[in-house]
Amino acid sequence: MSDKLDQFARELLEKTRANKLEWRVYRNPGGHGREEYLADVGEGYFFQIWRWVSGDNRTISLQLRAPDQPTTIDSTVTNWPPLTGYVPAQETVSRFRLYSDLFDAVRESVCGPEETLGKVEELLRKIG
Amino acid sequence: MILHDLFDWSNSGVGLAGLALTVGALWQATGAKRAATEAKEAVYRRNAADSFAEILRLAEQFATWVECERRAEAVVQVREIVLRMARDRGEYDRFLGSDADKMKSVESSCQRLGDSLGYSEFPAGATEKRELFGETLKIVQDLSGILGRIRARSDQEGR
């Protein structure tokens, strides 16, 4: 099942970067450190992506919600993967990168690039 | 009289043979010394290649930690690279040849990345991340190139 969601993640990344998908904020990172976005792909199907950050630890999950179904299909990756020898296995790193790139693309498509946020922060500081 | 001449000739002959033997022994000793020096150089070259291969391995691990967004591990790894590079550059400088400057530049890139990752959060923006991944990959690429050239020179000189 997660193979299928990995494939969807690749497609979602492509479409998000090409601005073909409209994502919206589902939950802002509050004290819980979880930031969540949602995209409607039509006919009652939704993709939801969330990232939980705590220090250096990151968990990213992609979920598919189908109409009239209480359960969701999801795939979750973390950046504290099982180690092979000393470093993380390449396959785990690749999956983490795919989900992290997708999350960053989604975030950028909703909030604008990080530079925009930096600029706004600077302007707000000027106001005092 | 004839006997006296014979003694003179035989003495000269023995003297010449001795001289020839001495020259031969000296020639052999010089050859042996050269062979020993060459063997020592070959061992040094081999050690230099092994040390830089180890630095490359650390750089590849550093790149993996960066891709995993594990800041703490990446910082530890890159600092180890900087320390090893300084030591090995000092020890094997003569084998680096034209790569000595390149090595210094890679070392300062590692130092800069170590400082920036050590004192601030892992970049949150996609663009910043891409830049960081690009820089990390460049370090691995440069070190890989340097190691390849050290090995090629070592092979050439060994022939």
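Couple of notes before you dig in:
- P(r) of chain B over all Cα-Cα pairs, binned every 10 Å from zero, in whole percent: 10, 29, 19, 12, 8, 7, 6, 5, 3, 2, 0
- Footprinting exposure proxy for B:142, B:93 (fewest neighbouring C-beta atoms within 10 Å first): B:93, B:142
- Rg(Cα)/(2.2 N^0.38 Å) for the stretch A:3-127, N = residue count: 1.15
- Dimensions of the protein assembly as shown from C-alpha coordinates, computed as largest minus smallest value along each principal axis and given longest first, are 133, 51, 30 Å.
- Remark: the residue B:137-residue B:155 segment gains 3.8 nm on full extension, using 0.36 nm per residue and subtracting the alpha carbon distance.
- Bridgeable aspartates and glutamates around residue A:4 (alpha carbons under 20 Å apart, same-chain partners fewer than 8 residues away excluded): A:14, A:40, A:43, A:74, A:91, A:101.
- Helix B:126-158 and the long axis of chain B differ in direction by around 10°, with both axes built from C-alpha atoms.
- Inter-part distance where the stretch B:57-109 and the stretch A:1-79 are each reduced to a Cα centre, Å: 37
- The stretch B:46-134 pair-distance distribution - Cα-Cα, 5 Å bins, rounded %: 3, 14, 25, 24, 15, 11, 7, 3, 0
The numbers here are math on the coordinates, done by the rules we state, and not lab data. Just so we're clear, the structure is a prediction, and the values are computed from it rather than from any experiment. No Cβ is skipped: glycine too gets one built from the backbone with ideal geometry, and neighbour counts run over all protein chains shown.
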